[in-house]
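Accompanying notes for the structure given below.
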Protein chains: 4
Amino acid sequence: MPVLHDEIPDDSDFDADRPRGEFSHITPEDFIRDSGQGNPPGWLNAEEINWARAKLPLSYVEVVPARIDTAGCVKQVGTLLCVDDDGNIERTLITGRIRYHETIREALTRNISKDLGELALPVLPPSPVPFTVAEFFPTPGTSEYYDARQHAIALCYLVPMAGDCKSQDETLDVEWVDPHNETLDIFIRQMQGGHEKILQQALLWAGVW
Amino acid sequence: MPVLHDEIPDDSDFDADRPRGEFSHITPEDFIRDSGQGNPPGWLNAEEINWARAKLPLSYVEVVPARIDTAGCVKQVGTLLCVDDDGNIERTLITGRIRYHETIREALTRNISKDLGELALPVLPPSPVPFTVAEFFPTPGTSEYYDARQHAIALCYLVPMAGDCKSQDETLDVEWVDPHNETLDIFIRQMQGGHEKILQQALLWAGVW
Amino acid sequence: MPVLHDEIPDDSDFDADRPRGEFSHITPEDFIRDSGQGNPPGWLNAEEINWARAKLPLSYVEVVPARIDTAGCVKQVGTLLCVDDDGNIERTLITGRIRYHETIREALTRNISKDLGELALPVLPPSPVPFTVAEFFPTPGTSEYYDARQHAIALCYLVPMAGDCKSQDETLDVEWVDPHNETLDIFIRQMQGGHEKILQQALLWAGVW
Amino acid sequence: MPVLHDEIPDDSDFDADRPRGEFSHITPEDFIRDSGQGNPPGWLNAEEINWARAKLPLSYVEVVPARIDTAGCVKQVGTLLCVDDDGNIERTLITGRIRYHETIREALTRNISKDLGELALPVLPPSPVPFTVAEFFPTPGTSEYYDARQHAIALCYLVPMAGDCKSQDETLDVEWVDPHNETLDIFIRQMQGGHEKILQQALLWAGVW
């Protein structure tokens, strides 16, 4: 169980929102996020999140960002390029924890904003029913989904973006691809941990792959 | 099987799009819709639709119009007031046939436009998976859904409207209600044929009832 | 519109249940099915089905047969081997029309029984909501799904089989494969018309691919 | 953050699986469950669960038990009668926490077995996609679902039972009702916290209400 050490910097929330290998490192953003008059409700510090990760499945949302036409048809899907702890570039989707007393809608809005900026203007679905539920386990082979850090249950949504999407913070870039373009297959092969399956299922569910 | 009689006016498509009791009557709109240089592809005349109704299940879409806030949360749902063949006012949803070689999206757009006008600006869902499938039968008791005219399989969607909704043609009015307002229960009790169940399921699916 | 010619043999229903190329041929089964004291309700003769195919979208069910363990986890999926009109062997799923006044459950039971026999003991899902809706069009490129014969709207279900599955009639064989076996990729590449996408989506939806 | 006191008995897991009012009490079952050579993996003691409840949303499954016919049609649904901490009898569904490193299927099996016994023979769904996601909050009015103890995100499933269902432990009884029987409305009115909405949605989703 966690014990508070004030001198330990908080990187928990940063780390909680994106897979970064088995050990999480401290980055400048963590200090910025934790500076000042306190943390937002539901926020956990490093020890707390580590304790929770060893004891409980964590509730996550995972988002496939999309561009749609006026008929609702998906024309592009977005993937994120990030640098992991070993300096490798990885391609992934928007993922993030649902915090205490946060609705799924609030978690979606917050995590989309964190990765795509305040002007992304996400069009959230009217229902909380996800197109799939992805069960990530720290033990490879338990399911189709793997996360070295934790057991996470991710509610997965495809969310159209009506505004400008700009990569934020530690995200290198947001890359969009037409689902009928062969580049999509390259992108899918670059993804890991089962996120590629979530993207594939989103596209099949939307009827465009 | 239908035999063409040129003198029989075409009310099939009008009739096909809204339940009007056991016998369909001819209204001025029917002539307007059928006037001029021919009918749109997939359109059926009165004999054809009557033949099809006796031989095949018809593919329908059914739409619960909604107003949502920026978080995707349903704030209002719309119902339509129409006059049926016996002069009674009935409360219903947007329903319409999927025509030959028409996509579900095209059928949704066309039928929403027919009832709510060209400026309703529907936000169609990214997936064709409906929140429910309603099987209407002409024999009461076969399922929870009844349509005196036909066996229809309706794919049901909740569709947010971003623009101005104006009642069109034979629709008397479009009435909106907050799902938490007790007026909703009155509206639900005024609906028939199972359309009230579709509205209830839409609201439960959206998590607002 | 169809005109009755008594001398034209009925192959419509046979043909309606499996894609067989652009022109449908007559097989012994057709006569057997149409012999005797009449046809079942909702059955259409050749002319009627051809007329309907030119005028209306047809309602279909499509089934991915599965073997599951006691925890509900999919261990095998089945595909059918059939001979098409050009003598080519094709790999497909269970597909069939929903007849007039037939419930989706009845159509599922009848079509599964037609392809897998009376002892397949399908475990039908408690809800009519499909895992996907596949829109087949006779014009390639209109959607991800193609059927030379018709515009068909297929409600797609994964159905566990609890009994003995035996290929029937014109089906050469039913082949089962573990979703984690590389043979599955070969099977998927052998499928056409979008049926392979339905199989992929079924597996992703079930969390085993 | 929790601090271990060995003298505090563990009632956490018992309590975690069923709402029991704002304060949880210790019952004989808790000692039985915690006796002997240790607890199962993922099990939390009282302090740990209380800490988690103040810090994180907890992942839950909620099950509507059903009896279906051979066509998959729901003929009966089951509800549980339990005694809450104030001695009141409450009607509810099967609810339970998903433990660390437990799959959704394992959580469903364990929790169904806990309430209906080892011989209930649940027929688990082939997909982890729930018919709805219920967000329970300790603050009334945040959503349609209320749980005084915690923020819980419940994945909701309708699960047919093929075997004998017997009430276990603290459950007084399991009562089954035909969805078309007016008793169902009484049962629904006796349910609280939003569980009645989950039951209603299950029935509408199954097309039998």
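Miscellaneous remarks
- Considering C:N111, C:N88, the condition of being polar (S, T, N, Q) and without any contact (Cβ under 8 Å) to a residue 60 or more places away in the chain is satisfied by C:N88 alone.
- Residue in segment A:159-170 that is without any contact (Cβ under 8 Å) to a residue 12 or more places away in the chain, in contact with a Leu (Cβ under 7 Å, 6 or more places away or on another chain) and not hydrophobic (A, V, I, L, M, F, W, C) present: no
- For C:G141, the conditions (1) in a loop (DSSP other than H, G, I, E, B); (2) within 14 Å of chain D (Cβ to nearest Cβ) are fulfilled apart from (2).
- Note on segment B:92-116: residues that are farther than 19 Å from B:V133 by Cα and of a type in the set (G, A, S) total 1.
- Of the residues examined, D:F136 is not one that is of a type in the set (F, W, Y) and closer than 15 Å to D:A202 by Cα.
- In segment B:87-99, residue farthest from the other protein chains (Cβ to nearest Cβ) [restricted to those that are of a type in the set (D, E, K, R) and not in a loop (DSSP other than H, G, I, E, B)]: B:E90
- Residue count, segment D:143-185 (criterion: over 26 Å from C:V129 (Cα atoms), charged (D, E, K, R) and touching a helix residue (DSSP H, G or I) at 6+ places or on another chain (Cβ under 8 Å)): 5
- Matching residues, segment C:41-91, being more than 17 Å from C:E175 (Cα to Cα), within 13 Å of the chain's Cα centre (by Cα) and of a type in the set (S, T, N, Q): C:S59
- The set of residues from segment D:149-190 being more than 14 Å from every other protein chain (Cβ to nearest Cβ) and assigned to a strand (DSSP E or B) comprises D:T171, D:L172, D:D173, D:V174, D:E175, D:W176, D:V177.
- Candidate set from segment A:192-209 (those that are touching an Asp or Glu at 6+ places or on another chain (Cβ under 8 Å) and surrounded by 18 or more Cβ atoms within 10 Å (Cβ to Cβ)); member that is farthest from the other protein chains (Cβ to nearest Cβ): A:G193
- Just one of the listed residues (B:E106, B:E102) is within 14 Å of chain A (Cβ to nearest Cβ) and in a loop (DSSP other than H, G, I, E, B), and it is B:E102.
Okay, residues lined up against (1) over 24 Å from C:E135 (Cα atoms); (2) free of Cβ contacts under 8 Å to residues at least 60 places away in the same chain; (3) assigned to a helix (DSSP H, G or I):
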site	(1), (2), (3)
B:E47	yes, yes, yes
B:V63	no, no, no
B:G78	yes, no, no
B:C82	yes, no, no
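- Criterion: in contact with a Lys or Arg (Cβ under 7 Å, 6 or more places away or on another chain), at pLDDT 95 or above and under 17 Å from B:Q150 (Cβ atoms) - qualifying residue of B:L58, B:L44: B:L58
- Of the criteria (1) surrounded by fewer than 23 Cβ atoms within 10 Å (Cβ to Cβ); (2) of a type outside the set (S, T, N, Q); (3) over 30 Å from C:D69 (Cα atoms); (4) in contact with a Pro (Cβ under 9 Å, 6 or more places away or on another chain), which one D:W176 fails: (3)
- Exactly one residue out of D:A120, D:A71 is free of Cβ contacts under 8 Å to residues at least 24 places away in the same chain, aliphatic (A, V, I, L, M) and either within 14 Å of chain C (Cβ to nearest Cβ) or crowded, with 20+ Cβ neighbours inside 10 Å (or both), and it is D:A71.
The values are calculated or read from the model by the stated rules, or taken from the named source; none is laboratory data. Just so we're clear, the structure is a prediction, and the values are computed from it rather than from any experiment. Note: ideal-geometry Cβ built from the backbone for every residue, glycine included; neighbour counts use all protein chains shown.
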